[in-house]
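*Asks:* Got a structure here, written out as structure tokens. Questions coming.
Quick note: the coordinates plus some simple rules give every number you see, no bench work behind them. Computed from a predicted model, the values in this text were never measured in an experiment. Methodologically, a virtual Cβ is constructed for each residue, glycine included, from the backbone with ideal geometry; neighbour enumeration extends over all protein chains shown.
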Amino acid sequence: MKTYTAPDGITWGVVIQSPGASNAMILFRHPDGNSSRLDRYNWVLNKGPEARSVTARVDPMKVLDQLEPAEIARLFARSIPVSRQSSFNLAPEPVRG
């Protein structure tokens, strides 16, 4: 596992999950650790020989080792929250007459 310190000072854990032939998920783990709700993710694209084989899988450790700090920062800047807060109220509205 690597770490990344965001501009706001939070140090995130960086791991690779869900490897495929041509991509893998980069997961930024929030240091809170109480919930994955605060984690963020993005996708790392692979252009190696595995990308041309439908049965191949990239090695997560190899992908992580090849990521430079500037690339991790770029991926974090464009990352997506794993979970989002609900933008609507689940309670039914009262019927108005």
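*Asks:* Sequence-distant or interchain residues sharing an amide H contact under 5 Å with residue 2, placed H: which?
*Replies:* Sorted by chain and number, the residues that satisfy this are 14.
*Asks:* Just how large is the dipole of region 9-79 about the Cα centre, in debye to the nearest 20, putting +1 at every Lys and Arg Cβ and -1 at every Asp and Glu Cβ?
*Replies:* So the dipole magnitude of region 9-79 works out to roughly 200 debye.
*Asks:* Please give the contour-minus-distance gain from residue 68 to residue 56: 0.36 nm per residue of separation, less the Cα-Cα distance, rounded to one decimal in nm.
*Replies:* Taking residue 68 through residue 56 to full extension adds about 2.0 nm, to one decimal.
*Asks:* For the pair residue 1 and residue 78, how long in nm is the line joining their label points, each one 7 Å along Cα→Cβ?
*Replies:* 2.6 nm
*Asks:* Local charge sum around residue 56 (other residues, Cβ-Cβ under 14 Å, Lys/Arg +1, Asp/Glu -1)?
*Replies:* +2
*Asks:* Given [x] 57; [y] 53; [z] 68 as candidate values of percent of Cα pairs over 17 Å apart, which corresponds to the one derived from the coordinates?
*Replies:* For percent of Cα pairs over 17 Å apart, the calculated option is [x].
*Asks:* Arranged from highest to lowest average of other beta-carbon atoms within 10 Å per residue, in what order do the peptides 18-28, 47-57 appear?
*Replies:* 18-28, 47-57
*Asks:* Given the options 9, 55, 77, identify the residue whose Cα lies farthest towards the positive end of the charge dipole of region 2-81 (+1 on Cβ of Lys, Arg; -1 on Cβ of Asp, Glu).
*Replies:* 55
*Asks:* Counting only other residues whose beta carbon sits under 9 Å from that of residue 22, what net charge do I get with K and R as +1, D and E as -1?
*Replies:* +1
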